[in-house]
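Below: one structure, written as structure tokens.
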Amino acid sequence: MSSDYEFSDDDGDYYVDDEDMIDGTQDESGQSDDDMDMDAYGDDFKVVPKGKRKSYEVDYDSLSQSAVEKLINDDVEHICGIFGVDASIASLLLRYMSWNKERLIEKYMDNPSAITVAAGITVPEPPSPSAPIRSGPSSATQTTPTARRPTRSSTSKFPSFGSSKSTPSKTPSISPAQPFATPRAAKSEPFVCPICFDDSPTLRTLSLDCKHAFCSGCWTAYLSSKIRDEAEHAIRCMAEGCALVTPDPFIQSVLVPEPGAPAGDPAEEAENAATWARFQELVVRHFVASNPNLKYCPYPSCTNTVSCPSAALKASLITVVPTVSCGARGVGGQMSQSQSQPAQSSLGVAGREHRFCFGCPIESDHRPVVCGVARMWLKKCRDDSETANWIKSNTKECTMCQSTIEKNGGCNHMTCKKCKHEFCWVCMGPWSEHGTAWYSCNRYDEKGGVDARDAQSKSRASLERYLHYYNRWANHEQSAKLSLDLYAKTEKKMEDMQITSALTWIEVQFMKKAVEEVDKCRMTLKWTYAMAYYLAKGNEKDLFEDNQRDLEKAVEDLSELLESPIEAENIPALRQKVTDKTVYVQKRNEIVLEDTATGFLDSRWKWNVTVDGFDDPEKSDN
């Protein structure tokens, strides 16, 4: 995962091998064998049965790619049943309308020809020559035939995409069971591919209903480029100006040879098969992106999806932080173990569950602060954090126009280049009050100097306040990044405990649980500082910071225990201390999250800046 400074709402191109991903959606229990063994061998950590959902949690479902494909097939079959078209045509229509079935049905019933041409399914009919218009009174009384709305039993406007039972026409019928293109018939003149200019007599050519023929090699290269390089799920014909979209069965027939076809280069066939799989993933991604109730997992190489209707509306994001998990663990090739393998292989980033925010582009759990405030904080950090320390140490603000000024010489007589105001660098007072004391400041207590220092002190106080929260926020982020070293050290200590004591691997899992809890609580603490920076002064903020302080002290105490050296005679006492402190840290973390979430539901929190969806900030000295 990337740093919280960098977040994007783009889908991204995650075309990497995902065989090393642990897919939690394939195991409904959500427990590994090690977790079950821990329940059997030890009672240090009691598993609380699932009960009422906590106030800081949201209801969601984790979906694998096959589950999303089933949702897609259900929508396609629904459209097939209404329109009487093939599945490939229904899929193209739905993709054109961003998977909005109701809107598609409405537009299709109004004008099926227009919608199929706009979707790239049929070629637009050439304009017919206009008939001469008769003049005279008789033309006004001439009866014109009434246009009938097409029904399912009427003749299709696009017979080439109709079902196999439709009336035969000059254009061959296209259905998923039939090939979309066949080798071009031999003619008196040899065919020359317009792309590669190959004129071989054995050249295999392919074309869509637009009759723009190209060789199979050019089609393969074109489709692979569009899918792999440009991530296209709606690929148009190669001919310039042609808007016809290639149906899915056509793409499959080009990339994946039919059973019984002559064998080709194994490496090329494997690459084309991977391209076809990538195309199917792109269709799934487009379906997920078009559905506000769904969100694709942002972790690299993960193909799982989360359904969270309760967080689909923007209005809900001011009362809850929709943190969800896709059910998978690991990042790309960093993990090759399954959930049934020993727990010692699940430490570190390879064992982390994929958690992210459903409601905003931040690819991490940013509880307890809501999405709007979290985005404001990240933007401020990107804008201010790199230069804040330097500005504080090397510059001052002009007392007239508040422009930031850097001193580049030894003289204390400063002149602002923007407003031409002359002042003293030492006392910030007007230079005119210094009399003849050009190079020493002896008017430190003059009214002008006092006022200037007051303005300067307010500016510095604002910067000091920001740095107070930012430094602590960044410290916890850095600690979270260093947690990989802590995981490795803890795993080594767990192995040493087995050697120097009679504890089994299952019985030393209390160390792993403690490290995981520290990592989770540091993420909570990190975002509490972002929230505290924007909270308005008052009793609510004081209580919030009290809970923050208690959690931070508990986390530091547990971290100190984990870092302490292990001695054989002290292992039983250490086990008890770590277990007790882990449970306490977990409770303190829940208190912070529960209190904050309840405050959002009760509209208890007040801000010192304007936040979308909340009341205007009260005037305070924040």
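The values are calculated or read from the model by the stated rules, or taken from the named source; none is laboratory data. Remember, predicted model here, so these are calculated numbers, not experimental data. A quick note on method: Cβ atoms are made from the backbone with ideal geometry, for glycine too, and the neighbour counts reach across all protein chains shown. Surface areas here come from the heavy atoms of the whole protein model, side chains and all, with no ligands, DNA or RNA. Shrake-Rupley method; radii C 1.70, N 1.55, O 1.52, S 1.80 Å.
Regarding Lys541, is this residue free of Cβ contacts under 8 Å to residues at least 12 places away in the same chain and crowded, with 16+ Cβ neighbours inside 10 Å?
Working: free of Cβ contacts under 8 Å to residues at least 12 places away in the same chain: yes; crowded, with 16+ Cβ neighbours inside 10 Å: yes.
The answer is yes for Lys541.
So, in the range 268-292, how many residues would count as being without any contact (Cβ under 8 Å) to a residue 40 or more places away in the chain and over 18 Å from Tyr222 (Cα atoms)?
So the answer is 1.
List the pairs whose first member sits in the range 352-367 and is assigned to a loop (DSSP other than H, G, I, E, B), whose second member is among the aromatic types (Phe, Trp, Tyr) and open to solvent by 30 Å² or more (accessible area, probe 1.4 Å), and whose Cβ atoms are under 9 Å apart, counting only residues at least 6 apart or on separate chains?
Phe358/Tyr60; Cys360/Phe7; Pro361/Phe7; Ile362/Phe7; Glu363/Phe7; Ser364/Phe7
Looking only at the range 204-247, how many residues end up being farther than 20 Å from Val283 by Cα and open to solvent by 40 Å² or more (accessible area, probe 1.4 Å)?
6
Quick check on my filter: what residues within the range 568-610 are surrounded by fewer than 19 Cβ atoms within 10 Å (Cβ to Cβ) and not in a helix (DSSP H, G or I)?
Residues satisfying the conditions are Asp602, Ser603, Arg604, Asn608, Val609, Thr610.
Limited to the range 100-126, what total is found for residues that are surrounded by fewer than 17 Cβ atoms within 10 Å (Cβ to Cβ), of a type outside the set (A, V, I, L, M), in a helix (DSSP H, G or I) and in contact (Cβ under 8 Å) with a residue 12 or more places away in the chain?
Qualifying residue count, the range 100-126: 2.
Out of the residues in the range 78-99 that are surrounded by 15 or more Cβ atoms within 10 Å (Cβ to Cβ) and not in a helix (DSSP H, G or I), state the one that is farthest from the chain's Cα centre (by Cα).
Gly84
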